[in-house]
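The values are calculated or read from the model by the stated rules, or taken from the named source; none is laboratory data. Remember, it's a predicted structure, so these values are computed and weren't measured experimentally. Reconstructed Cβ throughout: ideal geometry from the backbone, glycine too, with neighbour counts over all protein chains shown. Quick note on the areas: whole protein, heavy atoms, side chains included, nothing else; ligands and nucleic acids left out. Shrake-Rupley method; radii C 1.70, N 1.55, O 1.52, S 1.80 Å.
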Amino acid sequence: MGINYDIEDLRAFCTLVRAGQYTAAASQLCITTSALSRRVAKLEDRIGGKLFERTTRRVVVTPIGRTLYERVLPAVSRLDACLLEASRAALGQGGNLAVGTVASVGYSVFPKVLPAFYAAHPHTYLSIRDANATVVAKLVEDGEVEFGVTTVVSFPQSLVIEKAAVYGYNLVYAKGSALRPRRRTLTWTQVSALPVVGLHPLSSTRLQIDSVLHASGIALPWKIEVDQLATMVGLVQTGDFVAVMPGLFDAAGYGLQSVPVGGPDIVRDIYLVRRHDVSLSPAGQSLLGLIRERLGAG
């Protein structure tokens, strides 16, 4: 059978053990000595044994009291720390923040906004869950992240959807590469003649591009297929390959160059999504605002 107890009684007990005197402990707790005495007596009554032996000068902790103190003090300290962390998070001064994003935003937008975010929230631990559009929407729906940045999918009614940006696609190539285009824009037919590195066929980018090109009777351009952006960028940086990347991609930031691809134009919408029934934390609101502003500026 469990024992009913009050956390304030445990906190009073721990304080009295440390102080060794009722007057000093009561002063630290900002209560009267009689109130402290009642809390200790109540705790002893619930336990069924003495926690202190009282003398004229000091209180002496009993073996039961010493064992209880050693076990309870870490738990009370952790509880206080948890409440302090929650309070700081509510004020936007710390805590944990989890968000979801598609890769195109993860590698293009987040690096641009995080310095400003951490200037305002230096103690926040940020978890960025980068995945495909469907997974990002599911993370938001399941409450695993506060909000998501994703492309068009079949959104559930539980989510608030905000369209934040529209982008097209660029051909990305290395500076000085023999594959450097001689035109300021390219058609998809022209791109199909180049050694193009593409993401795996189930990525949202490939699914969209392949669908449009199939419908237009244009040959798919992919010569090499990879799963990770780092591999794609590395291959392009050799100068022997090119890649089709979302317009959000900061080619210059990777030492690369780009030109738009059209004919037909393929565009993609970017959405900010969150749950109807969940309020964003101050840190979440701040990061969402920075991302919204960056996407709008782009």
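Of ILE31, ILE3, which has the most accessible area with a 1.4 Å probe, and how do the rest follow in descending order? Show your work: numbers first, answer last.
Working: ILE31 45, ILE3 95 Å².
If we order ILE31, ILE3 from most to least accessible, we get ILE3, ILE31.
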Accessible surface of VAL233 - all protein chains present, 1.4 Å probe, nearest 10 Å²: 10
FRET E, pair LEU202, THR238, Förster distance 35 Å, beta-carbon r, rounded to 0.05: 0.85
Virtual spin-label span in nm between ALA178 and LEU114, 7 Å along Cα→Cβ: 3.8
Computed E for ARG38/ALA252 - FRET, C-beta separation, R0 51 angstrom, nearest 0.05: 0.15
Assigned charges on the beta-carbon of Lys, Arg, Asp, Glu; the chain dipole about Cα centre (debye): 780
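How much area per residue is accessible in the chain when the probe is 1.4 Å and only protein heavy atoms are counted (Å²)? Walk me through the numbers before you get to the answer.
Working: 15780 Å² over 298 residues.
Ligands and nucleic acids excluded, the figure is 53 Å² per residue.
Note the count of lysine pairs whose C-alpha atoms are less than 28 angstrom apart in the chain, limited to pairs 8 or more residues apart or on different chains.
Values: LYS42/LYS50; LYS112/LYS138; LYS112/LYS163; LYS112/LYS175; LYS138/LYS163; LYS175/LYS223.
Taking the Cα cut-off of 28 Å, the pair count is 6.
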Value of [θ]222 nm, deg cm²/dmol, for the chain, DSSP H segments ≥ 4, -39500 (n - 2.57) each, nearest 500: -13500 deg cm²/dmol
Simple label model, 7 Å out from Cα along Cβ direction - THR55 to THR67, nm: 2.3
Matching label, Kirkwood radius over Cα pairs in Å computed from the structure shown, candidates (i) 21.0; (ii) 20.0; (iii) 23.7: (iii)
Exposure rank, largest accessible area first [ILE161, ILE209; 1.4 Å]: ILE161, ILE209
Net charge, LEU73 excluded, C-beta distance under 12 Å - Lys, Arg +1, Asp, Glu -1: +3
For region 169-266, diffusion coefficient by Stokes-Einstein and Kirkwood Rh (Cα), 20 °C, 1.002 mPa s, µm²/s: 162
